[in-house]
1. Applying the selection to the range 270-316, what residues are at pLDDT 90 or above, open to solvent by 40 Å² or more (accessible area, probe 1.4 Å), out of contact with any strand residue (DSSP E or B) (no Cβ under 8 Å at 6 or more places or on another chain) and part of a loop (DSSP other than H, G, I, E, B)?
2. Could you tell me whether Glu435 is over 13 Å from Ala30 (Cα atoms), open to solvent by 40 Å² or more (accessible area, probe 1.4 Å), modelled with pLDDT of 95 or more and of a type in the set (Asp, Glu)?
3. Look through Leu115, Leu103 and report the one residue that is farther than 30 Å from Gly279 by Cβ, of a type in the set (A, V, I, L, M) and open to solvent by 10 Å² or more (accessible area, probe 1.4 Å).
4. So which residues in the range 180-199 are closer than 25 Å to Glu88 by Cα and buried (at least 20 other Cβ atoms within 10 Å of the Cβ), if there are any at all?
5. If I go through the range 151-179 residue by residue, how many of them are closer than 13 Å to Ala133 by Cβ, open to solvent by less than 10 Å² (accessible area, probe 1.4 Å) and part of a strand (DSSP E or B)?
6. Condition test on Leu101, is it in a helix (DSSP H, G or I), under 30 Å from Ala241 (Cβ atoms), touching a Pro at 6+ places or on another chain (Cβ under 8 Å) and not acidic (Asp, Glu)?
7. Kindly evaluate Asp371 against the criterion of being of a type outside the set (Gly, Ala, Ser), at pLDDT below 95 and buried (at least 19 other Cβ atoms within 10 Å of the Cβ).
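The values are calculated or read from the model by the stated rules, or taken from the named source; none is laboratory data. Since we're looking at a predicted model, the values are computed, not measured. Using ideal geometry, Cβ is built from the backbone for each residue, glycine included, and neighbour counts are taken over all protein chains shown. Just so you know, the surface numbers come from the protein's heavy atoms only, side chains and all, with ligands and any DNA or RNA stripped out. Shrake-Rupley method; radii C 1.70, N 1.55, O 1.52, S 1.80 Å.
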Amino acid sequence: MTRAVPPSVPPSGPSVLPSVVPPSVLGELARTEGGEATLDHLVHDQANRRLLLLRALLDTVTDAAPARVAPAERRRAAADWALLEAAEAESPEAAAHVRALLLHPLTGPWARQTLAAVTAREPAPGDRERGLAHFSALAFAAAVAAGLPVTTELTAYDGALALPGIGTLRVPGPHPPRVTAAHTEGAIRLTPRGERRVTVFTRPGHSTWSGDADWLPPHALPPLVPGARPVPLDDTGPYRAAPGVRHHSLSEPVTLDDASRKPWYESWAGTAPLLALGGPHRLAEATRLLHSLVPLRTPTSRAGDPAGGSCSATRKDAFGVVLASVPPSSVAFAALLVHELGHAKLSALGELTHLHEAGPAAVYFAPWRPDPRPFDGLLQGIYSHLALASWWQAYALGGPEGPEREHAWAEHARCHEMVAAALPQLVGSEVLTPEGRAFADGMVAVHIELSRTAPPAGHLARARAYVDTKRGAWRRERDRSAVHAFGRTTGKGAHEAF
């Protein structure tokens, strides 16, 4: 079988890429910063890993035994790659659009899940079919972006057909229906089997419009700086809530309407200058690294107030995406990006080089979590809170006077004291590699620098009391867990262990 592969995708190679991190890159990242060369180093490595993942998926599908991948599915996958190749070869502009689709953050979870479904001994029912169907939608979207005339058959799942970067068609019916998709002369015609046709018009810049209420066009927040790319609000894609990213503090993804989309634009409007208060590197990293936002439902507080909570996260399998409930203000949006992009940078660095040799045991105290953390989680938390401590201090020194400044000092003091409580566990550990030791030393230097400009005394005292309270609660929970563990070991009840 001929393997039609887009030129972007490299030939088969090792699954682990060479790990060379220049000292300048390691040093800048240790300071929670990152200049243009450092950010490019991370982005380039992540792009290579994505393309290798796609190549692995292609090789696995085309080489799979008929019992795993039906011959018709292999032929369809080869045709999809051929369409991607044709779209990429159409023009330099088209090649850029195809590459953007392949490197979109949420293409990563799709590729990983589909590869896992093809290779698993007992895959979940429908995962392979769903993944290969999305591949066809991705190829069709690439052809549309390149302006190629094409007609193909696609499959909708969970009541929707998602065309990456183009939009989503709501398709009724309990079973996955087939949809005839045709593109020619700036118009997409989608005809679900047994249903009416929906016509979608493409616009310059690859936005779309339709008079049909079942068509959900993509929406994006404006560029942070002139000339930068818009930031899509990925609120309909099927792989935005992949297994393994949920934990107790995250709510589920939501699809936005006009009313719920408005607060995103309002909070985003003032985010760029606030990021810049922390230094040009803060705005640069957001512009370079943030490719997509997945809106989450605003979590409710204990009192049941939807406005009382917020949540956010990043994904190691989707570099460049941030999942978040709508931030209540531009300040909150800026702080969220500093926090989450810190996680993204450290995760990307961790794939370039080993910073530690610790196992997964969760035994470390972290003031920002009630439960013990594994070493890697401790490192991630220290790093993101150190970045926040730095940004909040810069905001307190350069932002407006009044309540906003007092809030900034309070947040700075809290983050700084939390790092002070957790950092000794890190620097005193013997599991750090030489690169990890240099990285930890760089964080210590930043923490000391921040200490030279102390917050007002009241904020410092409250921050220390906050950390002391967290430490006391953690010790009580640790002791309680130890009692229960001892009771289970001896076969007695916990109340009988002592």
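1. Lys316
2. Taking the combined requirement at face value, the residue does not satisfy it.
3. Going through Leu115, Leu103 in turn, the sole match is Leu115.
4. Correct list: Ala181, His183, Ile188, Leu190.
5. Residues that pass the stated criteria total 4.
6. Judged against the criteria, Leu101 is a match.
7. No; evaluated as a whole, the condition is false for this residue.
Okay, residues lined up against (1) open to solvent by less than 30 Å² (accessible area, probe 1.4 Å); (2) touching a Lys or Arg at 6+ places or on another chain (Cβ under 8 Å):
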| site | (1), (2) |
| --- | --- |
| Pro328 | no, no |
| Ala366 | yes, yes |
| Gln380 | yes, no |
| Ser384 | yes, no |
